C-alpha cells in the first residue's frame with residue numbers, strides 16, 4: 001500500500017484516544033479529505049428513533065467506540081448515504097437502502113484514499129450490513145466478523161434516541177449471549193483437540 005497523506009491523516013484522527021475531539025479539532029481537514037461528509041452536518045433525521053442530526057449521531061456513535069480503526073472507520077461512514085437516500089412522508093423520513101448507498105459512497109472514498117482493495121470490501125461489508133441483525137448461523141460460521149459487526153451495532157444503538165431503544169437493547173442482550181455461547185463452544189472444541 002502506497003503512502004497517501006490524506007489516508008494517514010484520517011487514520012491518525014480515528015486512532016487517537018479521543019477520535020471525536022480529533023475530528024472536531026480538524027473538521028476542515030476531514031472535510032477536505034472526505035467532502036462527502038458535508039451534507040451529513042445539520043441534516044436532521046426527522047425520525048422518532050433519532051434525536052440527533054446525522055453528523056451528531058455519527059459522532060455520538062464514534063464516542064462509544066473502542067480504539068479500533070475498523071470499527072471507527074465503519075462508524076464514520078455508516079450513514080454517509082442518508083442525505084442522498086431518503087423518503088419523507090408526513091414529516092417523517094425513512095432511509096430504506098441507506099446502508100447500500102453508504103457502502104457505495106464509502107467504496108469510492110476509500111479507493112480514492114488508496115486503501116487496500118480487500119480492506120475496502122471488508123469495511124463496505126460492515127457498512128452494508130450494519131442495520132441487519134446477526135443470526136445464530138452467521139455468528140457460528142463467522143464469529144470474528146460477527147463480533148466486529150456487533151460492536152458497531154452497539155455503538156450505533158447507543159447513538160439512537162434512548163427513549164426508543166427498547167427493541168435494540170433486547171437485541172443487544174440476546175446477541176451478546178449468542179456470541180458468548182459460540183466463543184465458549186469454540187474454546188471447548190479447541191481444548192478437546194489437545
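Bear in mind that the values in this text are calculations on the coordinates, not laboratory data. Being a predicted model, the structure only gives us computed values, none of them experimental. Every residue, glycine among them, receives a Cβ derived from its backbone with ideal geometry; neighbour counts consider all protein chains shown.
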| field | Taking 113, 30 and counting other C-beta atoms within 10 Å, the order from fewest to most | value | 113, 30
| the chain pair-distance distribution - Cα-Cα, 10 Å bins, rounded % | 9, 34, 35, 17, 5, 1, 0
| By how many nm would the segment from residue 187 to residue 41 grow when fully extended, if each residue of separation counts as 0.36 nm and the alpha-carbon distance is taken off? | 48.1 nm
| query | Which value at 222 nm does the chain reach when only helices count, each DSSP H run of 4 or more adding -39,500 (n - 2.57), with the total divided by all residues and rounded to the nearest 500 deg cm²/dmol? | reply | -19000 deg cm²/dmol
| query | So for the pair residue 177, residue 87, with labels modelled 7 Å out along Cα→Cβ, what separation do we get in nm? | reply | 3.5 nm
| said: Need one number: nm distance between label points at residue 161 and residue 31, each 7 Å from Cα along Cα→Cβ, rounded to one decimal. | reply: 2.8 nm
| field | segment 90-121 and segment 53-69: distance between their alpha carbon centers, rounded to Å | value | 16 Å
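Give, to the nearest whole percent, the P(r) tail of segment 11-75 beyond 17 angstrom, counting all Cα pairs.
41 percent
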| Dimensionless Rg ratio for segment 103-194, taking C-alpha atoms and the 2.2 N^0.38 Å reference | 1.30
